[in-house]
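Structure first, commentary second.
The values are calculated or read from the model by the stated rules, or taken from the named source; none is laboratory data. Predicted model, so just to flag it, every value in this text is computed and none were measured. Note that each Cβ is placed from the backbone with ideal geometry, even for glycine, and that neighbours are counted across all protein chains shown. Only protein heavy atoms, including side chains, enter the accessible area calculation; ligands, DNA and RNA are left aside. Shrake-Rupley method; radii C 1.70, N 1.55, O 1.52, S 1.80 Å.
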Amino acid sequence: CGQPGARRAPGSPGPGAALLGLLAASALLALALQSFPGAGPGWGANGTRGCPRAARRPPRALLDELSRRQRDLLRLATSAGRTGLSRGGGGRLGCGDLSRVTGLGVVGSGFTKLVLRAALPGAGAIALKSVHRAGSDVSRCVQRYGHPAGCRRLASYKLLKEVTLLQRLEHPGLVKLHGQCYDPEIRVIAMLELGSPLEMIQLLQTPWEERFKICLSLVKLLFYLAHSPLGSIVLLDFEPRQFVMVDGNLKVTDMDDASTEELSCKEDNDCTLDFPAKSFILKCTAAGKCDGLNEKKNLFNAYRYFFTYLLPHTAPSALRPLLGDILNATGDLRYGINETLGAFEKVLRLYKSGLYLQKRLPLLKEYITLKGFRTMEMQDYKCWPSYSHLGCLLSVHNAEEAAAICNSQPQCQSFIVTQQRTWTGRPLASFRSSLTDLIPDVNAVLYIKRSAPSRERL
């Protein structure tokens, strides 16, 4: 009867062969039509699937919720099919690969899902996401309806929806789908790129350039979602906990609460966006849709959760007016995502080119230049925010800017412009309070203040 733990008949195909690829659009449609009585064929008169004494039929209210989830999944899968776009069936991994995983450990859990870390030969570290059977989503459903199997199935539709979206969308700001597994008991496992939780307190302690990168990558993701192949997509549960960091890059990892539906309206007052501290009324178009509501909801959430904290602090002084304009325009929703992306790219051009630097008298003449030498790496005075916890390591446009920084720090007596580069291509400069042993290095240039006490030893 397909109960958990049932044995397969000898010679029957294993789950990897029989079930790999079931999450293609056509299979999703079939799944949506075969869930519970009243939703499609295959169920007996007493609400069981060929099992006369199986569990009782779910209550009508739960069936209604299941039907709504099915229709949402059906609409999404149909829309995805019309685009003709797919990411190769959602990755190369399937059910058969689960027997090879090692090093399982809990990464985190939420209302609906449980995420495990796993190692897989040939694939490295991955995340396994499944329905959290002891989570609040399932528990509250069971308390309400008294039907555990139906409640687990209801929660599974969220994960199926997420997998469907990740199969059809492709952007560096979306976590990668490596594969998925589905078994007859509606147990769905998504195999995803493994990231680390986003820690806002840690981000606030990173250099401004890295925080700007986070905000820029988020804006690029929202631009993609506003113009996606499936239409404008809104992230209904938009909070930092829905994001992870992968190799220093921000990625959204939860898509189950994403929606491609545009709010219908008859007048502007039907297009109200309510937030805890602000409300906005958008235009109702002649087509009866709220103009840009999905896009602007994403944008304001980016403003209140990311931009206000990460953009202004320790930014180059010459760029602060431009950053202030971005904050004001997104906070008032005067900018759409196109204008916001254009403003961010303008800041990036100014920063990478060095055009933001204020003109000042040349300062390098106050330094002795030693080409082909660097100082020994060791702990020195610290500055904030530094790329190193052991000293003062900052991003600079060139040696002239580094000299200006050294002059502004009383402890600084010398600096080296290193060969390290940030994501913008800018070099990192290491600032020192004293000279240590010099080490030959053909790629290095050491700059020492002419007034430095230790220069007499050279």
Requested in this report: Look through 350, 357, 361 and report the one residue that is more than 30 Å from residue 282 (Cα to Cα) and open to solvent by 70 Å² or more (accessible area, probe 1.4 Å).
Outcome: 361
Query raised in the report: If you check every pair at least six apart or on different chains, which have Cβ atoms under 6 Å apart with a residue in region 332-356 that is touching a residue at least 12 places away in the same chain (Cβ under 8 Å) first and a residue that is open to solvent by 60 Å² or more (accessible area, probe 1.4 Å) and in a helix (DSSP H, G or I) second?
Result: 337/223; 341/223
Requested in this report: Scan 107, 188 and give me the residue that is closer than 27 Å to residue 260 by Cβ and part of a strand (DSSP E or B).
Outcome: 188
Query - Matching entry among 225, 165 (being at pLDDT 90 or above, surrounded by 21 or more Cβ atoms within 10 Å (Cβ to Cβ) and not in a loop (DSSP other than H, G, I, E, B)) - result: 225
Query raised in the report: Is one or more of the residues making up region 285-293 buried (at least 16 other Cβ atoms within 10 Å of the Cβ) and in a helix (DSSP H, G or I)?
Result: yes
Query raised in the report: Under 9 Å by Cβ, and 6 or more places apart or on different chains, what pairs join a residue from region 243-254 that is on the phi > 0 side of the Ramachandran plot with one that is of a type in the set (D, E, K, R) and surrounded by fewer than 23 Cβ atoms within 10 Å (Cβ to Cβ)?
Result: 248/210; 248/213
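Among the residues of region 391-418, which ones are farther than 11 Å from residue 432 by Cα and either open to solvent by 40 Å² or more (accessible area, probe 1.4 Å) or part of a helix (DSSP H, G or I) (or both)? Can you show your working first?
Pass one, region 391-418, residues farther than 11 Å from residue 432 by Cα: 394-405, 407-408, 417-418.
Answer for region 391-418, where residues must be farther than 11 Å from residue 432 by Cα and either open to solvent by 40 Å² or more (accessible area, probe 1.4 Å) or part of a helix (DSSP H, G or I) (or both): 397, 398, 399, 400, 401, 402, 403, 404, 405, 407, 408.
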Report summary line: (1) surrounded by 14 or more Cβ atoms within 10 Å (Cβ to Cβ); (2) at pLDDT below 95; (3) under 23 Å from residue 197 (Cα atoms) all hold for residue 247 apart from (1)
Report task. Can you give me the number of residues within region 419-443 that are at pLDDT below 85 and buried (at least 18 other Cβ atoms within 10 Å of the Cβ)? Result -> 1
Query - Conditions (1) open to solvent by 40 Å² or more (accessible area, probe 1.4 Å); (2) over 30 Å from residue 292 (Cα atoms); (3) polar (S, T, N, Q): number failed by residue 338 - result: (2)
**Report entry** Residue satisfying all of: in region 250-283; under 28 Å from residue 110 (Cβ atoms) and β-branched (Val, Ile, Thr); surrounded by the most Cβ atoms within 10 Å (Cβ to Cβ) among these
**Finding:** 253
Requested in this report: Working only within region 125-162, note down all residues that are in a helix (DSSP H, G or I) and among the polar types (S, T, N, Q).
Outcome: 136, 139, 143, 156
Query - Total residues in region 141-161, condition open to solvent by 40 Å² or more (accessible area, probe 1.4 Å), within 28 Å of the chain's Cα centre (by Cα) and either among the β-branched types (Val, Ile, Thr) or more than 18 Å from residue 115 (Cβ to Cβ) (or both) - result: 0
Query raised in the report: Pick from 352, 359, 365, 371: which is within 27 Å of the chain's Cα centre (by Cα), modelled with pLDDT under 95 and of a type in the set (D, E, K, R)?
Result: 352
